[in-house]
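Worksheet: one structure, shown below.
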Amino acid sequence: MTRSLLTLILTSVIATAQDTAGVGTLTGAVKDSLGNPVNGANVCLASQGRCALSSETGSFRITDVRPGAYQLEVTAPGRAGFTSTSIDVRAGLEAVIEIALPQIDSLSQSITVSEPVFLAPEEIKNSGFLIQRFEVFKAAGVQQDVSRYVQTLPGVGTGTNDFRNDLIVRGGSPLENLFLVDNVEIPNINNFANFASAGGTTSLIDPALIQDVTFLTGGYPAPYINRTSGVLQITQREGSREGFESRVSLGSPGLGGIVEGPLGKERKGSWVFSAKRSFLDAVTNDIGIGGVPVNYNFNAKALYDLTPKDRIWVVNITGIDRIRLGATDKPKTDPDRNPELDLIDVRYRGWRAATGLNWQRLFGSRGVGLLGVTNSEGKVTQSVKDLFKFGFSAPTATQLIAQTPALFEENSRERELTLKYDLVLYAGFLEKLQAGGSVKNISANYDTAQPFGQDNPFSSIRDLNPFSLRRSATARQSSAYLQSSRNLGNRWNVTWGGRFDHYAVLGRSRLSPRAGISYRLTDRLVWRSSYGLYFQQPLLLFIESFPQNKGLIPIRASHVVTGFSYNINAATRASVEAYQKIYSGYPASSQFPSFSLANAGDTFAVSDILLPYVSAGRGRVRGLEMAIERKFTDRWYGQANVSISRTRHAGLDGIMRSGTYDYPVITNLLGGYQFRKKWDFSGRVTYLSGKPYTPFNEALSRAQRRGIFDLDRVNGVRAPDYFRLDLRVDRTFTVRGKPFLVFFGAQNVTNRTNVARASWDRQRNAPRFNRQLGLFPLIGLEWRL
C-alpha cells in the first residue's frame, strides 16, 4: 500500500457534541480526481476492523469510533489500496472528511484527505457550541477559565460582579446549569463554591487538559439529566502514550504543573495528572479585602484499553480553598475599598472532589454502551460576623472580632453517588436509538445555624428567620430516557423521545417529552427547531432549611427554539435563533411576595436566600440571538454575537417584573490573530445593558441604619451599562529545545467604572454603588519540559 499525502485544509466549523457514550462518528465522501462520487469504495479504520462501503453518492459512515487518531485504508473497485495519514476522531462529534482518489495514470498514487470538519450529531438541533482548548487557554480576559470563556457565547451573561464566573444562560439562574466532565456529573466546577450556588471565582479545570468543551443553551435532547437552562460538557484529553512528558505553568489560576505518560509495556493506556496552587499569599497577606484567597486544584485521568472492545477510564477533579475577608487592624488607604468590609468578618474553608469510573463496551457496528459510577463530595466551613449590628466597640478590629458572636455558621457536607448507563444502538426503522437511566443518591450532614435571624432587605422587621439546621438528610433521584433520531429522505431529520424522573424527597415524578426537527434547504443553509420540557429539583439545602420547604415541587421550564444556520465557508458559520422559556413551580418566598429564587444564585451570602418557600413562582424569557463565528484558519479566528431578550419573573404576588438577570442587549466580540509563528494577539469586547436592581427605601434605611428595599420598585431601576475591553499578547520561545510560552495582557484596559450592585453604606448611612474590577494586569507562562 502507498502512504498518502495529507493536504491540510483547515475546515473546522461551529460544532456541538453529545458525549453520552464517549464515542464519535467518522463520515464523509469518496470522490475521483474529477470530483465525481465513487461507488463501492471500502473505507476502513486501519487495525480496527471497522469498515464502510461508499454509496452511489460516494458517502460513507462509520459509527461508534473511540476518540483518537486513525489511519484510513481505502480500496476502490479496480484500484490498489491506499493508506492515509492520521485522522482525528473526537468523542460526541461527527468528523466529516472528503477522500479524493488520484488519477489512474498519475505519477503520485496517493489519496488526498481533507482535515476533519467536526459537526454536531443530528440529535442536537439547536443552541450548541464547540470550544477548543486553545480558545480557553489563549483568549483575552477569560483567565484560562472555561466558564469565563462560555460567558462570551450568545445569550450568556455575567453574574453580579467580575470576581465570579457564574453562567447566566438565557436569563436563567446560575443554579439551572449542568456540569459534566468525561461523563462525570459535578455539582460545581469552581473554587470558593457553596451549596447554594453553581459558580465561584475560578474553575477547577486545568485548560491544558481540555480536549473539547461543548455548551448547550436550550432545547437539548433527552439523555441529559434535567436542568432548566444549560449543559456545560468537558472532554479531557488522555495522557501521552508515547512516553513521559511534563510541563510547568504560571498564570492567574496559579502555579502548577502537569505530568503524564503511558500505562503498561504495550501502552494500551495512559495517565495524566495536573496540580495548581494560587500564589498571592506568597506575596501579601491582604489584597485589600482583609485576606488572600488560597486554593489548590487537582485534575487526574487514567485510561486503559482492556480489549479492542472494552475501555475503562477514571477521572478525579478536586479543589481545596480558603479565604478570610473583613476588618483588619491596618490603616485604610484604598479609597475604592468597600466600607462594608470594615464591618464584617467572614472566614471560609471548603473542598470538593468528584471521582468517576467508566466502562465503555463497543458492540461492533450495532452500537456502544457506557456504564459510569460517580462519587461527588463537598464540604464547607464558614462563619459570618457583623461587627456593627450589636453595637460593640473595641480598640482594635481583632478585639472586636473576638467579642462579636457569629450571625451565620456552617460546617456541612454533601455527597452524591450516581450509577448511570447509556446505550446507543442502530435499530432499523428507528435508525439511531439512545436509551439509558441513572440512580442518584444525595446525602448530607448539615450543621448550619443563624441564631440571631437575619436583617433581610425585603423587610423592615429585624432578625427574621432564626434557625438551627443540625441533621442528616437524604434524597434519591432515579431516571430513564429513550430517544430516536432518523433521516426522512435526504433533507429532513427528526429526533423524538423523552425522559422520566422520580424525585423521592419531593414524592414527585415527571415525564419530559423532547422533540427536534431539521431541514436542509441547501447544502449550506439549515433550519432547525426543538421543543422540550425540563424539570429540576430545588437544592437539598433549601428543602431542608425550613419545614414548609418539604412541600416544594420540581421547577418546570418549557423550551421552544427555532433558527437558521448558514455555512459561509468551511471555517465560518452564521446563525440566528429565536427562543422562549416558560417557568412555573419556581420556589417563591412566602414572606416576601415579590421574591423568587429565580432571581438568586450568584452570591457567596448563602444566608440571604435561605428562606421559607412555596412553589408559586413563574417566569418567561424570550429572545433573539445572532452570531457569526470563524474557527482558526489563515492565522485568525473570531466570533461576534448579539443577543436581545426580555426576562420576567413573578413571586407569590404574581406580578411579572424584570428578572435580576434581565439583560435586554448582550454583545460580544472575541478574536485572535497569529502575526508570526511565535506571536499571537487576542482581544475581547463585552457590552451588556444595565442590570436591574431594587432601590432602597431611603427613609426606612436611614432610620434602621441598614438597607431596606423599596418594594414598590422591585427591579425597577437599572445600573449603568457594562462595557469591558480586554487584550492579550502571547510570545513563544524555544528553551532547551522545548516551547516556552509567555503571555501578558490586561482586563478592562480602559479602566471603565462598571457598577456591580447597589449596597447600603452603614457607616455613612447612605446608598453606595460598588465598583467592578478596574484595570487588571495579567501575566503568565508555560514551559514544556
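The values are calculated or read from the model by the stated rules, or taken from the named source; none is laboratory data. This is a predicted model, so every value here is computed, not measured. With ideal geometry, Cβ positions are generated from the backbone for all residues, glycine too; neighbour counts draw on all protein chains shown. Areas reflect the complete protein model, heavy atoms only, side chains present, ligands, DNA and RNA absent. Shrake-Rupley method; radii C 1.70, N 1.55, O 1.52, S 1.80 Å.
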Residue within the stretch 3-23 that is modelled with pLDDT under 75 and among the basic types (Lys, Arg) present: yes
The listed residue being open to solvent by less than 50 Å² (accessible area, probe 1.4 Å), basic (Lys, Arg), at pLDDT 95 or above and touching a Gly at 6+ places or on another chain (Cβ under 6 Å), out of Arg556, Arg514: Arg514
Criterion: hydroxyl-bearing (Ser, Thr, Tyr) and buried (at least 20 other Cβ atoms within 10 Å of the Cβ) - qualifying residue of Thr396, Thr355, Thr374, Thr404: Thr374
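State which residue is farthest from Pro554 (Cα to Cα) when the search covers only the stretch 482-514 and only residues that are free of Cβ contacts under 8 Å to residues at least 12 places away in the same chain and in a loop (DSSP other than H, G, I, E, B).
My answer is Gly489.
The rows are residues; the columns are (1) open to solvent by less than 10 Å² (accessible area, probe 1.4 Å); (2) of a type in the set (Asp, Glu); (3) not in a loop (DSSP other than H, G, I, E, B).
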residue: Pro187; (1), (2), (3): no, no, no
residue: Phe192; (1), (2), (3): no, no, no
residue: Phe215; (1), (2), (3): yes, no, yes
residue: Tyr224; (1), (2), (3): yes, no, no
residue: Thr228; (1), (2), (3): yes, no, no
residue: Val231; (1), (2), (3): yes, no, yes
residue: Ile234; (1), (2), (3): yes, no, yes
residue: Ser240; (1), (2), (3): no, no, no
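Would you tally the residues in the stretch 287-300 being open to solvent by less than 20 Å² (accessible area, probe 1.4 Å) and closer than 22 Å to Ala353 by Cα?
Total meeting the criteria: 4.
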Selected residue [within 30 Å of Pro293 (Cα to Cα), open to solvent by 30 Å² or more (accessible area, probe 1.4 Å) and either touching a helix residue (DSSP H, G or I) at 6+ places or on another chain (Cβ under 8 Å) or not basic (Lys, Arg) (or both)] from Ala605, Ala570, Ala578: Ala605
Entirely in the stretch 278-379, the strands (runs of 3 or more DSSP E) that have 3 or more residues that are more than 27 Å from the chain's Cα centre (by Cα): 310-326, 344-362
Number of the exception - Ala766 against (1) over 25 Å from the mean Cα position of the chain (by Cα); (2) closer than 15 Å to Ser252 by Cα: (2)
Odd one out for Phe363, checked against (1) surrounded by fewer than 20 Cβ atoms within 10 Å (Cβ to Cβ); (2) farther than 23 Å from Glu409 by Cα; (3) at pLDDT 95 or above: (3)
Pairs where the first residue, in the stretch 189-205, is without any contact (Cβ under 8 Å) to a residue 40 or more places away in the chain and the second is in a strand (DSSP E or B) and open to solvent by less than 10 Å² (accessible area, probe 1.4 Å), C-beta under 6 Å, 6+ apart: Gly200/Asn190
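Restricting the stretch 407-427 to residues that are open to solvent by less than 80 Å² (accessible area, probe 1.4 Å) and more than 26 Å from Ser512 (Cβ to Cβ), which is nearest to the chain's Cα centre (by Cα)?
The residue in question is Ser412.
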Filtered residues of the stretch 617-666 (kept if open to solvent by 40 Å² or more (accessible area, probe 1.4 Å), within 29 Å of Ile568 (Cβ to Cβ) and part of a strand (DSSP E or B)): Arg622, Leu624, Met626, Ile628, Phe632, Trp636, Val642, Ile644, Val665
Single residue of the stretch 63-104 satisfying the filter (on the phi > 0 side of the Ramachandran plot and part of a loop (DSSP other than H, G, I, E, B)) that is surrounded by the fewest Cβ atoms within 10 Å (Cβ to Cβ): Gly78
Which listed residue, of Phe696, Phe740, Phe744, is over 27 Å from the mean Cα position of the chain (by Cα), at pLDDT below 95 and either buried (at least 16 other Cβ atoms within 10 Å of the Cβ) or of a type in the set (Phe, Trp, Tyr) (or both): Phe740
